[in-house]
Amino acid sequence: MTGEPVIRTDGLTRRFGALTAVDAVSLEFTAGRIHAVIGPNGAGKTTFLNLLSGNLRPTTGSVRLRGREIAGAPVHAIARLGVGRSYQRTNVFPEFTCFENCRLGAQARLSSSMRFFKPADAYAGVNADAERALSLCRLSHRRDDAADVLSHGERRQLELGMMLATSPSVLLLDEPLAGMGAAEAGLMLDLIKGLASDHTIVLVEHDMDAVFSTADVITVMVGGRALETGTPAAIQVSPAVREAYLGAAKGAPAP
Amino acid sequence: MKQSDFGGRIRFGDRPRPASRRDVLKRGAAAAAVVAVSAVVLPRFAIGAKTPVKVGILLPFTGVYAKLGENITDGFLMRLAEAGNKLGGREIEFVKVDDEANPAKAVDNTTKLVKGKRVDFVIGTVHSGVAAAMVKVIEKSPKTIMICPNAGNNDMTRDSCAPNVFRTSFSNWQTCYPMGPEVAKRGHKKILSVTWKYAAGQQMMDAFFEGFRKAGGGEPLEQIWIPFEDVEFQSILTKIAALKPDAVFSFFSGSGAVKFVKDYAAAIDRKQIPLYGPGFLTEGTLEAQGAAAEGIVTTLHWADTLDLPANRKFLADFKAKTGRTGDVFGVQGYDTGTLLLRAMAAVGGDTAATQQLIAAMEDTVMTDSPRGTWRMSKSHNPIQDFYLRRVEQGRNTVLGVAHAQLDDPATGCKL
Amino acid sequence: MDISFYVIQALNGIQYGFLLFLVASGLTLVFGVMGIINLAHGSFFMMGAYLALWLARHTGSLFSALPIALLFATAVAFLAERLAFRHLYRRRHLDHVLLTYGFILIFNELQRILWGNDVHSVPAPDLLAGSIPLTATQSYPVYRIFISIVCLGVAFGLAVAIRSTRFGMAIRAGVVNREMVEALGIDTNKLFAAVFCLGAGLAAFAGMIAAPVEAVYPGIGETFLIVSFVVVVIGGIGSLRGAFVGAMAIGLADAFGKALMPQFAGIGIYAVMAALLLWRPQGLFGEKQA
Amino acid sequence: MKPRLDGRRAALAAALLALALVPAVADEFYVVLFTKILVLGIFAMSLDLLVGYTGLPSLGHAAYFGAAAYAAMVLAPESAPANLLLTLPASVLVAALLALATGALAVRTAGMYFIMVTLAFGQMAYFAVHDSPYLGGSDGKLLFARPVVAFGGAAILDFAEPQVYYLLVLACLAGSYGILRAVVQSPFGRVIQGIRVNEARMQALGYATYRYKLASFAIGGAFAGLAGYLAAYQAEYVNPKLLGWQESGLALVMVILGGVGTLHGAVLGSAAIVLLQEFFSELTSHWMLLLGLFIVGSVIWLPHGIVGIRAWARRARTR
């Protein structure tokens, strides 16, 4: 399943004053693969995601999406090119029902939402996309419940559903398992694996068991640099990673 | 309200109200919007044969002009109380509305009095903008008569004069025109004017320079306009001192007058650049202005030191009833009362006889007014003396008459 | 116009700027630390002015009135914080707007009940009542110089207190990150009450010393409030340095604007503010918004 | 879901009918009072679109209200009634364009800065009118008469009578409510509500939020303009205070007091404020004190406004 990379960064760098959060990172992300980015706290993983999604502008370097430069483009423009993003802190719309949350995602695919008079629920195509996303994130049974009554795990699912409703080709997932119990985490991992075949997935995650069991490729970031990239098996045995990890952080990668 | 015990606040008592409302009132005002709805849907006052004369008082009781509104009201009520609180033999019911000096509410408030409370007379007001809106409503209600006890906008008794609109105060033109020749006479050539940028200020400055030119004076050295109600004068005064005019002519009132006169004295040597203006500059403000006002020369149709029996009586009575010192606004309120009393006496209390009422008001010649003799002009504005006054030891001392029996040109009035 | 015109005009602007700074510094701290939009802040200025008027009459001297009035205004602020504001910290900005709008009505009406609608003036203390003659026609009031000096002192004291006391540290921490304050083990209830009282006290103090140069009249609070808002926004919410620079800029712009371009005097400061916010939406010294 | 919706429609129809009967049963004084409530109701609803749906707490909304009022004045002939069919749309357009121009700058900011920037634009509009002799300066200007509906020079509907004017205002309120209700339920409405809750998330979903906020701001400005036009002809007078921050503040108070994000709450808020003012000022000349206490009390005890009372009572009962 290897091919042209969907996303390719070149010397991607972001500085905050004197601090270099992301330091000359050059990586390739290929379709159909789950590419995990791991590293100790403060390694620059989330900053890296923010550079990909447009939440932050790179100081220097480039981000190409299928060959097209997107560095510095606004978030919404990048999103419309098919890059979906989930956040560490759950970001659903609590007053809306699950279906409405997904519909908001699906509606973003309309050429424009500057439609003022026809009720939002009268757009059949949008509704169908929303239903599909709802079933993809396995929340169809919660369709008409308001998001604020969902459990934490369900909210993370819903967030994924909203993102899927926009029919993205790239998924940037920032700690999708954070704060989840074992059962919830299992379900979520299942979901993510199911999406891998037709999406490019960039996964930032602290749960090492999860990462090593799901990822196809792993990049280790330390101090803003991409230290090493390889298969889980290769990363596991890499002495450089071991040293950096043991030297820089409290936890070592799981054996 | 049948009778006002003068000196206190006007109460809104004896209107018939449903018992439930009274209970609500007893329970206090903390009740919510529900109560407000039921309270506002009161049955209106039934108009019977022996109803009292309804007099609407539309004056500012809050805001910058509140003190003026109070003094006019007190002067007016004092005059009616002197006559036993009867108009042409009938009891009086007062309906007092605070116009907040807010022209945006003026049509509403006037409509409320004229159509809602069905008053026979409307007394008001201080603010020119409010007065102009009042005139507009009153024009369309020929059965109601309006008496304006202060607002001096020229047009009220010029272009937009109306048969049922009278004024007992002054036109802006009148208050400043007589000062032109006085300033010219003193040999001042380069005159700088400073005032708020609004219609009254404009009219007054125009009138002054009209008089000044006619008396051989030249064009203004500079005219400074300050945004209306702005009272931060320090920078303007610095500029005035730098321009070195022979004299400054200025109009401000209320808080503006207090502050301007004080700041002027602190920033400019008044011996070098004397300050002139219409009487409002030093009217009702002298106590607050203190020594800063000493020596300022102004023109006005009244002065507290005016040595007339009627004036001495007015001042004594006003002090006795209110505890405050009477001012020109009290006098205007007082004369409004006299005008109303005379006219109602002439028609025997018949408020339906509007034509006769108007005729009686037009024929009024005031011989016992605290400001001296005056009569109503054809355009319903007083023809009166304008006095030249100088502030001496905290009082406006009369130097003489600047212009005797001055009549407004009444341009454009077809009455 | 000669040089003295510009010198005096600059003095005028600085003196007005200092008064604005005292009002705006309280506003910006309450904004920054507590996250409260206090529309009623101007009411404390008004309270100070009226208390100065009233107490100066009774005690015969503005100086002896100062401590009593300051104590009183702070006590009122303390009560308002305790009884009303404290319940709303976690609510929306909108509720703060509504609450403080209600307080404006209450304070204004109480002022009317207690002191009426008259325009009053407060005489400057005899010592400072004179004017210094500068040229043949113009002189500069001693009291205005006094205001500038006193305000400079207060501003300096405030800066030192913020920089080097524990209370000041808590304030600085609060402006940057409200949660951090709790992490530092500071009782936010106490901190908020203190900041609110400090802000109110500064506004009241400004009202008091301004009383002799401003006529004391109903609505004086709102006049200063709106301009202080402009100052705070120009300087950046929560920044004392910003409030100072903003106050001086507005003070000087106002003084020269009125004298040189009176036709734009009203609109001027708002246009400056709008332009600045387009350039720097967070104000001159404000933290960038998330 | 369906029956509740029908119940709400029935309640709306009943309220509309009751309001339409006011001129038939009530004294002219109340007709004028209710006209005021409805005009301010439209104004408050237009602000609710910004505050309650888009999360844009404007403290300068009166600028658009006043802009249309002044447009009505400028467009009115010197001594003849204006034609409603021409001047009303034109005035609304003026307000909408002004909102579009100022909004283009204002919606770039957020939170407290947004409040302050809108305040600044409001004050600029205020002083622009206040200092312009052509527009009547601080004195304002009187309008000659209420407008008429005219076709080919012949007036077929005259609004001089307060009762007729009231019905016009009521029709405008009903129309505004209908349109705004449709707008908040449209795809656009969903987007702005999403923006209110979490703008960053909406961007991540691919929405160019700036354009939606701006569109909402302009629509709000347009309806504020409609209210301003009606207010100008209700008072038959325009004055800079129509654009002042006090007016904006009052509208905000109405919206919050009524309950944000409901539209009808804004009308209830306007009714509450107007009626309370009227009621308190009959009680005492210090009515502002009572109104202030009422507002402070209601913000502490009624966090969701008047429309929240029902839910609050329901909760109290079930407890």
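Brief remarks on what is shown
- Cα centroid of the stretch A:22-48 to Cα centroid of the stretch B:197-238, whole Å: 73
- Given charges at beta-carbon only (K, R positive; D, E negative), |dipole| of chain C in Debye: 660
- Protection proxy ranking, highest mean first, for peptides A:46-59, D:220-233: D:220-233, A:46-59, where packing is the per-residue count of other beta-carbon atoms within 10 Å, averaged.
- Unpaired Cys in chain B, meaning no second Cys C-beta under 4.7 Å: B:Cys148, B:Cys176.
- In chain A, a dipole from Cβ-located charges (positive for Lys and Arg, negative for Asp and Glu) runs towards its positive end, and of A:Ala71, A:Ala226, A:Ala120 it is A:Ala71 whose Cα lies farthest in that direction.
- Cα-Cα separations in chain B greater than 41 Å, expressed as whole percent: 17
- Applying 1/(1 + (r/R0)^6) with r as the Cβ-Cβ distance of D:Ala313 and D:Asp158 and R0 = 56 angstrom yields a FRET efficiency of 0.80.
- Computed from the C-beta positions of C:Arg241 and C:Thr165, the FRET efficiency with R₀ = 22 Å rounds to 0.80.
- Rg/Rh ratio calculated on Cα atoms of the stretch D:16-94 (Kirkwood radius): 1.05
- Using alpha-carbon coordinates, inclination of helix A:98-107 to the longest axis of chain A, degrees: 80
- Relative contact order (percent, whole number), the stretch A:92-167, Cα cutoff 8 Å, 6+ residue spacing: 52
- Note on the protein assembly as shown: with charges restricted to the Cβ of Lys and Arg (+1) and Asp and Glu (-1), its dipole about the Cα centre is near 1620 debye.
- Helix B:234-243 axis, angle to chain B major axis (alpha carbon atoms, nearest 10°): 30
- Among D:Leu84, D:Leu275, D:Leu12, residue whose mean-square fluctuation peaks in a GNM of chain D (springs only between Cα atoms under 10 Å): D:Leu12
- If R0 equals 56 Å, the separation of the Cβ atoms of C:Ile113 and A:Glu95 corresponds to a calculated FRET efficiency of about 0.80.
- A straight chain from C:Ala253 to C:Leu184 at 0.36 nm per residue would run longer than the Cα-Cα distance by 20.7 nm.
- For a modelled paramagnetic label at A:Ala182, 7 Å from Cα along Cα-to-Cβ, the residues of the stretch A:210-224 in reach, with backbone nitrogen under 19 Å, are A:210-214.
- Inter-label distance for A:Asp198 and B:Asp159, nm, one decimal - labels placed 7 Å from Cα along Cα-to-Cβ: 7.5
- Net +/- balance of residues flanking D:Gly137 in space, Cβ distance below 15 Å, scoring K and R +1, D and E -1: -3
- Counting other Cβ atoms within 10 Å as a rough exposure proxy, the listed residues B:Glu287, B:Glu182 run B:Glu287, B:Glu182 from fewest neighbours to most.
- Inter-label distance, D:Trp301 to B:Leu415: 5.4 nm, where each label sits 7 Å from its Cα along the C-beta direction.
- For the listed residue pairs B:Lys96/B:Lys136; B:Lys136/B:Lys313; B:Lys190/B:Lys262, the alpha carbons are over 26 angstrom apart in B:Lys136/B:Lys313.
- Charge dipole (debye, nearest 20) of the stretch B:174-300; +1 at Cβ of Lys and Arg, -1 at Cβ of Asp and Glu: 440
- Restraint check, B:Lys189/B:Lys259; B:Lys112/B:Lys140; B:Lys189/B:Lys271; B:Lys214/B:Lys244; B:Lys86/B:Lys140; B:Lys117/B:Lys140, Cα-Cα greater than 18 Å: B:Lys189/B:Lys259; B:Lys214/B:Lys244; B:Lys86/B:Lys140
- Unit charges at the beta carbon, dipole of the stretch D:26-318: most positive-side option, D:Leu257, D:Phe280, D:Gln163: D:Leu257
- For the peptide C:107-115, the mean number of other protein chain Cβ atoms found within 10 angstrom of a residue's Cβ is 4.
- Each Lys or Arg adds one and each Asp or Glu subtracts one; over the other residues with Cβ under 9 Å from the Cβ of A:Ser62, this totals 0.
- Surrounding net charge for A:Gln236, when Lys and Arg each add one and Asp and Glu each subtract one, Cβ distance under 13 Å: -1
- Its Cα gyration tensor gives the protein assembly as shown an equivalent ellipsoid, and the semi-axes of that ellipsoid, as √(5λ) in whole Å with the largest first, are 63, 37, 26.
- Take the Cα of C:Asn177, go 7 Å toward its beta carbon, and none of the backbone nitrogen atoms of the stretch D:88-115 fall under 14 Å from that spot.
- For a paramagnetic label modelled on A:His206 (point 7 Å from Cα along Cα→Cβ), amide N atoms under 19 Å away belong, within the stretch A:22-41, to A:36-41.
- Structure-based [θ]222 nm, chain B - -39500 (n - 2.57) summed over DSSP H runs of at least 4, per residue, nearest 500: -11000 deg cm²/dmol
- Normalised contact order of chain D, rounded percent, pairs of Cα under 8 Å and 6 or more residues apart: 32
- Distance from the stretch A:51-91 to the stretch D:122-143 (C-alpha centre basis), Å: 48
- Chain A, helix-only ellipticity at 222 nm - DSSP H runs n ≥ 4, -39,500 (n - 2.57), divided by all residues, nearest 500: -10500 deg cm²/dmol
- Residues considered: C:Ser139, C:Ser121, C:Ser64. Largest GNM mean-square fluctuation over chain C, using C-alpha springs under 10 Å, is found at C:Ser139.
- Spacing of the modelled spin labels on D:Leu86 and A:Ala128, each 7 Å from Cα toward Cβ, amounts to 5.1 nm.
- Rel. contact order, % - alpha carbon contacts under 8 angstrom, at least six apart, chain B: 17
- Cut-off under 5 Å, modelled amide H: who pairs with B:Asn164 long-range: none
Any read-out appearing in this document is the output of simple, stated calculations on the displayed coordinates, not a laboratory observation. Please read these numbers as outputs of a predicted model, since none were measured by experiment. Note that we place each Cβ from the backbone using ideal geometry, even for glycine, and neighbour counts take in every protein chain shown.
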